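The values are calculated or read from the model by the stated rules, or taken from the named source; none is laboratory data. None of these values were measured; they are calculated from a predicted model. Glycine gets a Cβ as well: all are built from the backbone with ideal geometry, and neighbour counts include every protein chain shown. For the accessible areas, the whole protein counts, side chains as well, though only heavy atoms, and no ligand, DNA or RNA atoms are used. Shrake-Rupley method; radii C 1.70, N 1.55, O 1.52, S 1.80 Å.
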Amino acid sequence: MKGAEGKILRCAIYTRVSTDAGLEQDFNSLDAQREASEAYIKSQAHEGWRLIRTGYDDGGFSGGSLDRPSLQRLLGDIKARLIDVVLVYKVDRLTRSLADFAKLVELFDAHGVSFVSVTQAFNTTSSMGRLTLNVLLSFAQFEREVTGERIRDKVAASKKKGIWMGGNVPLGYRVEDRKLLVNPDEAATVRMLFERYLKLGSIPALLTELNDKGVRTRVRQTAKGRTGGVPFTAGPLSYLLNNRIFLGEIVHKGQVYPGEHEAILDRSLFEAVQAKLAENRHAHRRAAEASDALLAGRIFDDRGNTMTPTYSRKGRQRYRYYVSRAFTQGRKVQVGTVHRVPAPDVEAEVINAVRTAGVEPNTDLDDRALLKSIQRATVERGQIKIELSLENGTSSLLRVPWSPKPGKIKRTITLPHADPTKDQRPIRVERRDALLRAVAQGRLWLKELISGTVKDTAAIAAREDRSQRSVQMMISLAFVAPDIIEAAVSGTLPRGIGLTRLMNLPPLWTQQRRQLGLRS
């Protein structure tokens, strides 16, 4: 920790508290941490320690994550090499995660930054200091996990007693003294939604009617401002129609308990809606099994949106696709990196991957039966992740490299003319074919001369009923630079270069390109 003689060590103080309670006070926990750290820096002034006045204070942020604004700003300054020493009041102020702590220490070491805990007098410049810090972090992480278990147990016990434990307030209710009370106007809207679904028989039909009538979601006030007041969508509406809280009940991990709050719906209406929802689910599943979309219900984009089967027609040809539901519903900001994929290509990739991996012992199964082992196929940019459920009760994950085929192959001129004013269109197909046939012929005659199959070009001319000069010109094509021939094969040679211009070129390839006006 001792700097070289005369060297100044720039010290940054990081402070954090988990809650924002008390931060409005003139002297709060963050101030106390900073004061103790500043005193420690003053005690090391003879070693060249100097305080950076930039504050790195995170009030109301958990130590279980690195996603904290001031911490990220601190790490940015470390990467910019603006800091030599980082001080915290206690180690758990920096992080409570052992894995995150290891990442931070690695970052500190990479940029020559020392880490000091003021009240524990540790630093990371020695192996013993690292060991002690890791032990402390292990206890901090243990404390965090125990606290989490205690909170979960408290939530479970409270819900068993029917106590509402917070979250978004359900439509039809308001909160007073942490209890749900019925909001009469919204309760009427909830009853209307259940009754109209039972009458119309499907969520899409109900969505259409709600949109036509201008029915919107509740407007809520959050810390970030007002939200809601938008048209209903299928997901939230389906969740609302399945929510047993409207019966005056509380659900916790599949168990239903009588709630303290008043019911909004009659049980007969709620159960009738559940029966209709189940009937529609079964009908949808039967339709999916009967369709040619093998991955229907099992394929998702990388934002978790279901990809639904669809198709288009061009003449008599039918083209099948899977499209992200978020895209079809106009929620483009929620769409994954790939929003539409050709169904036959993806199905073939998935089926081939499952067969190749050998996870299904019965290789005689048809495609549809084989795909029943697939729990989920997630399409990402560059790959497909396939989650499988095996017969022995275990699971497996396959990753298949994949990218959609380009809809249209773009041809570019790889060897443009040096003069930008000249025609930049590619060589004509018929001229390219004639050129390639001539090159092949010239190479064949050259091979005959080298092997001694023919005596000279005069013999070839007599055999082919051509002039000796035309034979010699054709043979000169065998010495054209390979990249020029490759451009001719791929059709990217510029228009204007044909058989005549490639005959009798200089022997050096650089001179050939220069004579043809091509870029090296």
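Need the failing condition index for residue 217 against (1) surrounded by 13 or more Cβ atoms within 10 Å (Cβ to Cβ); (2) touching a strand residue (DSSP E or B) at 6+ places or on another chain (Cβ under 7 Å), just the number.
That leaves (2) as the condition not met.
Quick check on my filter: what residues within region 455-476 are farther than 24 Å from residue 509 by Cβ and open to solvent by less than 20 Å² (accessible area, probe 1.4 Å)?
460, 461
Being touching a strand residue (DSSP E or B) at 6+ places or on another chain (Cβ under 7 Å) and among the small types (Gly, Ala, Ser) is the requirement here; does residue 228 meet it? Can you show your working first?
Working: touching a strand residue (DSSP E or B) at 6+ places or on another chain (Cβ under 7 Å): yes; among the small types (Gly, Ala, Ser): yes.
Yes.
Quick test for you: out of 515, 424, pick the one residue that is at pLDDT below 85, touching a His at 6+ places or on another chain (Cβ under 8 Å) and either open to solvent by less than 30 Å² (accessible area, probe 1.4 Å) or not hydroxyl-bearing (Ser, Thr, Tyr) (or both).
Numbers: 515 fails: touching a His at 6+ places or on another chain (Cβ under 8 Å).
From the options 515, 424, the qualifying one is 424.
Could you please tell me which pairs satisfy a Cβ distance under 6 Å, a separation of 6+ or placement on different chains, a first residue in region 223-248 that is in a loop (DSSP other than H, G, I, E, B), and a second residue that is modelled with pLDDT under 80?
Note: pairs meeting the criteria are 228/220.
For region 477-496, check the following and say yes or no: at least one residue is loosely packed, with under 14 Cβ neighbours inside 10 Å, basic (Lys, Arg) and closer than 16 Å to residue 432 by Cα.
Within region 477-496 (the criterion being loosely packed, with under 14 Cβ neighbours inside 10 Å, basic (Lys, Arg) and closer than 16 Å to residue 432 by Cα), the answer is no, since none of the residues qualifies.
Do any strands (runs of 3 or more DSSP E) lying entirely in region 1-117 carry at least 1 residues that are loosely packed, with under 15 Cβ neighbours inside 10 Å and in contact (Cβ under 8 Å) with a residue 60 or more places away in the chain, and which ones are they? Quick ask: steps written out before the conclusion?
Values: elements: 9-17, 49-51, 56-59, 85-88, 114-117.
Result: empty, no element qualifies.
Being at pLDDT below 90 and at positive phi is the requirement here; does residue 22 meet it? Outline the logic, then answer.
Details: at pLDDT below 90: yes; at positive phi: yes.
Yes; evaluated as a whole, the condition is true for this residue.
Applying the selection to region 219-248, what residues are of a type outside the set (Gly, Ala, Ser), under 29 Å from the mean Cα position of the chain (by Cα) and at pLDDT below 80?
222, 224, 226, 227
Give the number of residues within region 249-305 that are assigned to a loop (DSSP other than H, G, I, E, B), open to solvent by less than 30 Å² (accessible area, probe 1.4 Å), modelled with pLDDT of 85 or more and over 20 Å from residue 204 (Cα atoms).
Within region 249-305, residues that are assigned to a loop (DSSP other than H, G, I, E, B), open to solvent by less than 30 Å² (accessible area, probe 1.4 Å), modelled with pLDDT of 85 or more and over 20 Å from residue 204 (Cα atoms) number 5.
Can you work out which of the residues in region 384-403 that are open to solvent by 40 Å² or more (accessible area, probe 1.4 Å) and assigned to a strand (DSSP E or B) is modelled with the highest pLDDT? Please lay out each step first, then the result.
Of the residues in region 384-403, the ones open to solvent by 40 Å² or more (accessible area, probe 1.4 Å) are 385, 387, 389-395, 397, 399, 401, 403.
Restricting the remaining residues to those that are assigned to a strand (DSSP E or B) gives 385, 387, 389, 395, 397, 399, 401.
Details: 385: 91, 387: 87, 389: 77, 395: 74, 397: 85, 399: 88, 401: 88.
Residue satisfying both the conditions and the ranking: 385.
Here's the yes/no breakdown for (1) hydroxyl-bearing (Ser, Thr, Tyr); (2) assigned to a helix (DSSP H, G or I):
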site	(1), (2)
475	no, yes
478	no, yes
486	no, yes
492	yes, no
497	no, no
500	yes, yes
506	no, no
510	yes, yes
514	no, yes
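Does region 237-248 hold any residues that are over 18 Å from residue 276 (Cβ atoms) and open to solvent by 70 Å² or more (accessible area, probe 1.4 Å), and which are they?
The answer is none; no residue qualifies.
Do we find a residue being more than 20 Å from residue 98 (Cβ to Cβ), of a type outside the set (A, V, I, L, M), open to solvent by 40 Å² or more (accessible area, probe 1.4 Å) and modelled with pLDDT of 90 or more anywhere in region 161-173?
For region 161-173, residues more than 20 Å from residue 98 (Cβ to Cβ), of a type outside the set (A, V, I, L, M), open to solvent by 40 Å² or more (accessible area, probe 1.4 Å) and modelled with pLDDT of 90 or more: absent.
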